[in-house]
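Step one of this worksheet: look at the structure below.
The values are calculated or read from the model by the stated rules, or taken from the named source; none is laboratory data. All values reported here derive from a predicted model rather than from experimental measurement. Because the Cβ atoms are built from the backbone with ideal geometry, glycine has one as well, and the counts that use them run over all protein chains shown. When the accessible area is computed, the model is the full protein with side chains, heavy atoms only, and any ligands, DNA or RNA have been set aside. Shrake-Rupley method; radii C 1.70, N 1.55, O 1.52, S 1.80 Å.
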Amino acid sequence: MRRWLPGLLLVTPSIVAIAVFVYGMLGWNFRLAMTDKHDEVSEGNFVGLENFVTLWDQKRWGISVEHAVVFTVVFVFGALVLGWLLAFLMEKGIRGEGTFRAVYLFPMAVSFVATGVVWRWLMNSSQGERAVGLNRLFDTLGLEFLQWQWFRDQDWGMAAMAIPAIWQMSGYVMALFLAGFRGVPEDLREAARVDGCGEWQVYRHIVLPLLRPVTLSALIILGHISLKVFDLIVAVSGKQIITDVPAVFMWVAVFDSHDPAKGATIASYIVLAVSVFVIPYLVWTLRRERRS
């Protein structure tokens with residue numbers, strides 16, 4: 001008891017808080033999603049998975065899922081590529097590296113709401129004499145063909161919506177990759193060069209394979225952020241169908257339509273989608289730690 005009791009007493013408040021406010025609330029949400037409580041006054045009877053099935057009959061739900069997929073693909077791919085490129089340039093050694101690192105990481109200190117407010121102005125869809133933000137910049141530079149509807153575009157609006165998220169999170173991905181680059185032993189690189197490998201081959205065959213854990217960690221973090229994105233979407237475009245995602249649809253269902261069961265069902269789908277990213281990663285991490 002002298003070994004484990006002090007530690008147990010130390011972490012007990014955290015265990016209780018997590019059990020109640022995380023897993024307890026998740027259980028309550030799933031229970032609510034399995035009832036027919038479609039207003040704020042009825043008790044709600046158990047209906048099983050009926051809400052989970054009928055939700056797919058609603059056109060708005062299909063649109064929001066499609067938008068979430070587009071946003072996730074563009075955001076995750078863009079942040080990974082830009083973060084890796086910045087880390088690659090920093091790893092080569094530049095003057096004022098500390099300043100550049102601070103500049104690239106600064107967007108992380110800004111909330112998604114503040115980011116959304118700024119980028120809503122930058123991605124204003126007005127063109128010509130009424131253009132502001134990026135469209136005004138393109139007009140001034142004589143690049144009018146680059147003016148765009150941005151998040152108001154019917155086909156690629158969600159891809160444009162991912163740009164502020166990429167701007168905010170690419171610095172964090174850069175920090176992860178930079179730490180991974182610096183963790184690769186220089187002896188391995190020198191051995192590869194002695195064997196005749198060029199610089200690109202060193203990165204392709206030596207550095208990049210060793211960065212797989214870092215890449216996977218970044219993928220998991222970005223993936224779960226994109227699946228539950230809400231504040232950025234609302235700050236940029238509000239609750240519009242053209243940029244609707246499951247989290248926004250959930251807000252509308254609960255607070256505008258006053259349908260707790262539907263909102264809980266959407267929230268359950270979001271939790272399950274995040275679990276698809278997180279649970280395999282946790283299992284992989286556990287197995288990796290046991291092998292080591």
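Residues in the range 221-244 that are open to solvent by less than 10 Å² (accessible area, probe 1.4 Å) and assigned to a helix (DSSP H, G or I): LEU222, GLY223, SER226, LEU232, ILE233, VAL236, SER237, THR243. Open to solvent by less than 50 Å² (accessible area, probe 1.4 Å), part of a helix (DSSP H, G or I), at pLDDT 85 or above and not hydroxyl-bearing (Ser, Thr, Tyr): does that describe ILE206? No: the conditions fail for ILE206.
On inspection, PHE151 fails the criterion of being modelled with pLDDT of 90 or more, closer than 19 Å to THR243 by Cα and surrounded by 14 or more Cβ atoms within 10 Å (Cβ to Cβ).
The condition of being open to solvent by less than 60 Å² (accessible area, probe 1.4 Å), in contact with a helix residue (DSSP H, G or I) (Cβ under 7 Å, 6 or more places away or on another chain) and either part of a helix (DSSP H, G or I) or modelled with pLDDT of 85 or more (or both) holds for VAL76.
Pairing each residue of the range 152-166 that is without any contact (Cβ under 8 Å) to a residue 40 or more places away in the chain with any residue that is open to solvent by 10 Å² or more (accessible area, probe 1.4 Å), provided the two are 6+ apart or on different chains, yields C-beta distances under 7 Å for ALA160/TRP150; ALA160/ASP153.
For the range 103-136, a residue qualifies if it is touching a helix residue (DSSP H, G or I) at 6+ places or on another chain (Cβ under 9 Å), open to solvent by 50 Å² or more (accessible area, probe 1.4 Å) and of a type in the set (A, V, I, L, M, F, W, C), and the qualifying residues are VAL103, LEU105, PHE106, MET108, VAL113, VAL117, VAL118, TRP121. ASP155 falls short on exactly one of the conditions (1) of a type outside the set (Phe, Trp, Tyr); (2) farther than 19 Å from PHE75 by Cβ; (3) not in a helix (DSSP H, G or I), and that condition is (2).
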